[in-house]
Amino acid sequence: MKKALKITAWVVGVLVVLCFGIGLFLPKEWNVERTILIQAPPEKIHRWVDSPTEWKNWFDFEGMAPDSHVTLSGPERGVGATYAWKMPGSSGRITIASSDPKTGVHLDEA
């Protein structure tokens, strides 16, 4: 029994040191990106991405983070339309920087 406990303690200790050791070599910053190809002309889907009020139809942030508080500000659509959120431990803001039915919508994140 004593030997099994000692072996278990050594294994746990080695795993802890290994996890911290690996963590030292991981990057300090990371980025997540997602891409989807929609088989439709940009003009047809533009209204869905040009307005933060429409985002809830395809991006369920509030469902993923129910303790978040979302605020929409600026114009309802187009350049300057802003989606901001606050939740315990995180906050941010996405503002439409440019919007064109042919070339797409570009966002500024803060």
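Here is how the numbers come out for the structure above:
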read-out	value
The chain: most fluctuating residue of PRO41, PRO88, PRO27 per GNM, C-alpha cutoff 10 Å	PRO27
Filtered trypsin sites (Lys or Arg not before Pro), the stretch 1-42: DSSP coil and at most 11 other beta carbons within 10 Å	LYS28, ARG34
Exposed GluC sites (Glu not before Pro) absent: longest stretch of the chain, with sites in DSSP loops and at most 10 other Cβ within 10 Å deemed exposed	34-110
Of GLY78, GLY89, GLY21, the one that fluctuates the most in a GNM where the chain has Cα springs shorter than 10 Å	GLY21
Qualifying chymotrypsin sites (Phe, Trp or Tyr not before Pro) in the stretch 8-92, DSSP loop, other Cβ atoms within 10 Å at most 12	TRP30, TRP58
The stretch 1-101, relative contact order [Cα under 8 Å, separation at least 6], %	18
Cα radius of gyration and Dmax for the chain (Å)	22.6, 72
Over the stretch 25-85: Kirkwood hydrodynamic radius from C-alpha pairwise inverse distances, Å	14.0
Accessible surface, per residue, of the chain when the full set of protein chains is kept, probe 1.4 Å, Å²	84
The chain: calculated mean residue ellipticity at 222 nm from DSSP helix runs of at least 4, using -39500 (n - 2.57)	-10500 deg cm²/dmol
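The values are calculated or read from the model by the stated rules, or taken from the named source; none is laboratory data. Note that the structure is a prediction, hence the values are computed from the model and not measured. Reconstructed Cβ throughout: ideal geometry from the backbone, glycine too, with neighbour counts over all protein chains shown. These area figures cover heavy atoms from the full protein model, side chains too; ligands, DNA and RNA do not enter into them. Shrake-Rupley method; radii C 1.70, N 1.55, O 1.52, S 1.80 Å.
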